[in-house]
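The values are calculated or read from the model by the stated rules, or taken from the named source; none is laboratory data. Nothing here was measured: the structure is a model prediction, and the numbers come from that model. Using ideal geometry, Cβ is built from the backbone for each residue, glycine included, and neighbour counts are taken over all protein chains shown. All accessible areas refer to the heavy atoms of the entire protein, side chains included, with ligands and DNA or RNA removed. Shrake-Rupley method; radii C 1.70, N 1.55, O 1.52, S 1.80 Å.
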Amino acid sequence: MAVQIAEVPDTGAGPDRQAFKPDLERIEIELLLEGIFRHYGFDFRAYAYASIRRRLWKRIEAERLPSMSALQERVLHEPAMMEKLLLDLSINVTAMFRDPSFYVTFRQHVVPLLRTYPFIRIWHAGCSTGEEVYSMAMLLREEGLYDRSRIYATDINEVVLQRAKAGIFPLERMQEYTDNYMRAGGKRSFSEYYTAKYGGALFDQSLTKNVVFSQHNLVTDRSFSEFNVILCRNVLIYFDKTLQSKVHGLFYDSLAMFGVLVLGSKETLRFMSHEECYQQMAPPEKIFRKVR
Amino acid sequence: MPYSIVAMGTSWGGLSALTKILGGLPEEFPIPIVVVQHRSKDSDRLLAQLLGDATPLKVVEVEDKDALCAGTVHVAPANYHILVEQGYLSLTTEEPVRFSRPSIDVMFTSAADTYRSETIGLILTGANEDGASGLAHIVKRGGRALIQDPKTAEIPIMPEAAVQAVPTAEVLGLDDLAARLLELSRGAATVDRRTAV
């Protein structure tokens, strides 16, 4: 069986036509994910198929393995291979003030609501390396709300949480972040928030004074409190619709009445069973208010 | 009907080429169309609006898990890859491929793996080589490859790379592509109408 390395680089394309038996491959993938769940406890069984398949093939190609089943053998018998795969399967793409227009709208439409609360509880689900948590902390501080806020920042992956806690981000991205910050309606000079240190940009540690970083798995863990705001941006796109719907149930149960749910700019509540429970606050931004 | 999806990829010069092709298709065009047009990561919904003004088809910028629909052009949003699933589209923010997100190769490859011989891939004008290996993958899965004749392309680099990767593809002038898609959608003339490059 030939694996397309030279011809189809970097796309996770899988085997050539002769070897391609999609139904059999689906069985192999389901068996692999079931095995990972039962042996290691990581549940990728309801992840979006095309995306997880692509990433599994990229690992197979990188290891020069002949098939999905060969990967299964390695993963189940070698914890180190599981570690690698875990990094492949968790997408940690993020940026400070990602989608600046969202932050502008959040200041205009959500901040006035938050001002009416004596205490503000925010859950950032799937916070990855924390750039967007720091962004929200800056925004809240500039709006005079930080001292009465608490941000619970969670991710499935301990490694990225450690990086989030450290608060050191690549210096070479500061130009992009500065630009985002200004377009996001930032009220100060972005450079006030960090110092160049340890070969990176070390962020003002007081920004995480009211942040609790903690491991949480959206697939298997339950609600742990009631929040005024839940942010979960570009995380649910990796789940299939059934799992998306289940996680929306978790968010609904974790939001106070009139609380605010924030999704990624290309995510939607359409066809979710909780769609009717929310009002979109300022289209096209994906900011939804729980109204029933 | 033999085809379930038309996958189109383009970069530089794509707007006018897409306008021409989509403008030549009727409202009832029966196959869902998915378009990856390279553009700046901050660009907004303008592309879908401009295309929508130029064609009777419905043009939408893709949101995660949108269902593939006949008579609809699904345009990849800026800064996301698009993956074709059975009956719908998923978005991902995985790393750029060949400096592109959305990547034509990624979309074409997933279309081919999901719809195999029911896939039509079309490469248009562009200034890089994205899409060539994706188009080859469509052919490998038994699908059909169309390429805009580089001579009629605003920038020929992308279609030339596609021709090199898929020498058996049908190469057609910009003015002939809409008619050919319509023909293929009717399942009638499946004989190649290849022009010389």
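What average number of partner chain Cβ atoms lie no more than 10 Å from the Cβ of the residues making up B:100-108?
Across the residues of B:100-108, the mean count of other-chain Cβ atoms within 10 Å is 2.
Among bridges DSSP assigns within chain A, what percent are antiparallel (round to 5)?
40
By how many degrees, between 0 and 90 and to the nearest 10, does the Cα long axis of helix A:68-77 differ from the longest principal axis of chain A?
Approximately 70 degrees, to the nearest ten.
Residues of chain A: accessible area per residue at 1.4 Å, in Å²?
On a per-residue basis, 43 Å².
Do you know the Lys pair count in segment A:100-290 for C-alpha distances under 26 Å, with sequence separation 8 or more or different chains?
For segment A:100-290, the number of qualifying lysine pairs is 15.
According to the square roots a ≥ b ≥ c of the eigenvalues of the Cα gyration tensor, what is the shape class of segment A:100-290, taking rounded for a/c under 1.5, prolate for a/b larger than b/c otherwise, and oblate for the remainder? Numbers along the way, then the final one.
Details: a/c = 1.68, a/b = 1.39, b/c = 1.20.
Prolate, since a/c reaches 1.5 and a/b exceeds b/c.
What residue among B:His81, B:Gly24, B:Ala132 has its Cα farthest toward the positive end of the dipole of segment B:5-185, where the charges are +1 on Lys, Arg and -1 on Asp, Glu, each on the Cβ?
Working it through, the farthest residue towards the positive pole turns out to be B:Ala132.
So what's the projected area for chain B, the Cα convex hull averaged over all directions, in nm²? Could the numbers behind the result be given before it?
On the way: hull surface 36.2 nm².
Orientation-averaged projected area of the Cα hull: 9.0 nm².
If you stretched the chain out fully between A:Lys246 and A:Arg183, how much longer would it get, using 0.36 nm times the residue separation minus the C-alpha to C-alpha distance? It would help to have the intermediate numbers written out before the result.
Values: separation 63, 0.36 × 63 = 22.68 nm, distance 3.45 nm.
Answer, rounded to one decimal: 19.2 nm.
Of A:Ala137, A:Cys127, A:Leu171, whose Cα points farthest to the positive end of the dipole of segment A:71-171 (charges on the beta-carbon: +1 Lys, Arg; -1 Asp, Glu; origin at the Cα centre)?
Farthest towards the positive pole: A:Ala137.
Only four residue types carry charge here, +1 at the Cβ of Lys and Arg and -1 at the Cβ of Asp and Glu. Report the dipole size of segment B:5-185 about the Cα centre in Debye, rounded to the nearest 20.
Computed about the Cα centre, the dipole is about 220 debye.
Taking the Cα atoms of the protein assembly as shown alone, what are Rg (to one decimal) and Dmax (as a whole number) in Å?
Reported Rg and Dmax, both Å: 23.4, 73.
For B:Asp44 and A:Arg64, what is the calculated FRET efficiency with R₀ set at 45 Å and r taken between the beta-carbons, to the nearest 0.05?
Calculated value: 0.60.
Just need the relative contact order of segment A:22-89 here, percent rounded to a whole number, with Cα pairs under 8 Å and 6+ apart.
Computed over segment A:22-89, the figure is 32 percent.
Might you tell me the accessible area per residue for chain B, computed with a 1.4 Å probe and given in Å²?
35
Would you tally the net charge around A:Ile156, using a Cβ to Cβ cut-off of less than 10 Å, leaving A:Ile156 out, and scoring K and R as +1, D and E as -1?
Once all neighbours under 10 Å are counted, the net charge is -4.
Between chains B and A, what is the buried accessible area summed over both chains (1.4 Å probe, protein heavy atoms, nearest 100 Å²)?
That pair hides around 3000 Å² of surface in total.
In whole Hz and in residue order, list the ³J(HN,Hα) couplings for segment A:115-127 that follow from phi through the Karplus curve 6.51 cos²θ - 1.76 cosθ + 1.60, θ = phi - 60°; x for Gly and Pro.
Listing the rounded values in order: 4, 7, 9, x, 9, 10, 10, 10, 10, 9, 8, x, 7 Hz.
Might you work out the accessible area of A:Asp253 for me, using a 1.4 Å probe with all protein chains in place, and round it to the nearest 10 Å²?
Counting only protein heavy atoms, A:Asp253 exposes about 110 Å² to solvent.
What percentage of the solvent-accessible surface of the protein assembly as shown, computed with a 1.4 Å probe over protein heavy atoms, is contributed by carbon and sulfur atoms? Walk me through the numbers before you get to the answer.
On the way: 10250 of 19540 Å².
C and S fraction of accessible area: 52 percent.
Would you calculate a helix-derived [θ] at 222 nm for chain A, using -39,500 (n - 2.57) for each DSSP H run of n ≥ 4 and dividing by the full residue count, to the nearest 500?
Only helices count here, giving -11500 deg cm²/dmol.
Run down the lysines and flag those whose C-alpha is under 21 Å from the C-alpha of B:Lys151, throwing out any fewer than 8 positions away in its chain.
Here the lysines satisfying the reach criterion relative to B:Lys151 are B:Lys20.
How well do other chains shield peptide B:137-145, expressed as the mean number of their Cβ atoms within 10 Å of each residue Cβ?
3
For a test of the definition: using alpha carbon positions, the gyration tensor, and the 1.5 limit on a/c, classify segment A:22-89 as rounded, prolate or oblate.
Working: a/c = 1.30, a/b = 1.06, b/c = 1.23.
Since a/c stays below 1.5, the shape of segment A:22-89 is classed as rounded.
Is the C-alpha gyration tensor of segment A:90-174 telling us rounded, prolate or oblate? Criteria: a/c under 1.5 is rounded; beyond that, a/b larger than b/c is prolate, otherwise oblate.
prolate
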